[in-house]
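Have a look at the structure below before the remarks.
The values are calculated or read from the model by the stated rules, or taken from the named source; none is laboratory data. As the structure is a prediction and not an experimental result, all values here were calculated from the model. All Cβ positions, even for glycine, are placed from backbone atoms using ideal geometry, and neighbour counts span all protein chains on display. Surface areas here come from the heavy atoms of the whole protein model, side chains and all, with no ligands, DNA or RNA. Shrake-Rupley method; radii C 1.70, N 1.55, O 1.52, S 1.80 Å.
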Amino acid sequence: MLHLYSDKECIPEGIKYIRDNVRYFIDITINKLDSRVNKLLQLTDGAVYLNKDYFTDKYGCSVPWIDLSTGGMTLLNIFYNDDCCFDTLECGRNALTDLKNFSVGRAYPDHIWNLDKKDKIDVIVDDNPDYRYTSFERWEND
């Protein structure tokens, strides 16, 4: 399930908080990329894994991973690094919509968007079982 934290103090001990998503992506996550990327960034970049150096964007162009949007880098950081919690401050609406569809990872979001209108989610807030949500509408209204 996706773990969201409402406050930095709610991030569990032993989980690193990452603010600089671009640097972390370049230093760590880029070396972990594989075909699991496919369909994770449908609204963000439409990235499809091509190889360790390039992805195919939503327009069919081969693009170096280093040119992925900051929101796309943040989402891939979240997906591939469950031992860290990533700040989503630099993510736009599309990235924050793609994020809510994740079933793994840890994020510190200001808000989540539902542009794709898919309401089925699996989110736990502040690692509290009383705040586990499977409906976006319910989570958004709480």
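Candidates in the range 9-28 are the residues that are among the charged types (D, E, K, R) and more than 16 Å from the chain's Cα centre (by Cα); of these, the one that is surrounded by the fewest Cβ atoms within 10 Å (Cβ to Cβ) is 13.
Where strands (runs of 3 or more DSSP E) fall entirely within the range 29-142, those with at least 1 residues that are modelled with pLDDT under 90, of a type outside the set (Phe, Trp, Tyr) and buried (at least 20 other Cβ atoms within 10 Å of the Cβ) are at 120-125. Contact map, the range 14-36: residues that are in contact (Cβ under 8 Å) with a residue 24 or more places away in the chain and closer than 17 Å to residue 67 by Cα paired with residues that are open to solvent by 50 Å² or more (accessible area, probe 1.4 Å) and assigned to a loop (DSSP other than H, G, I, E, B), Cβ distance under 7 Å, separation 6+ or inter-chain. Pairs shown: 21/90; 33/52.
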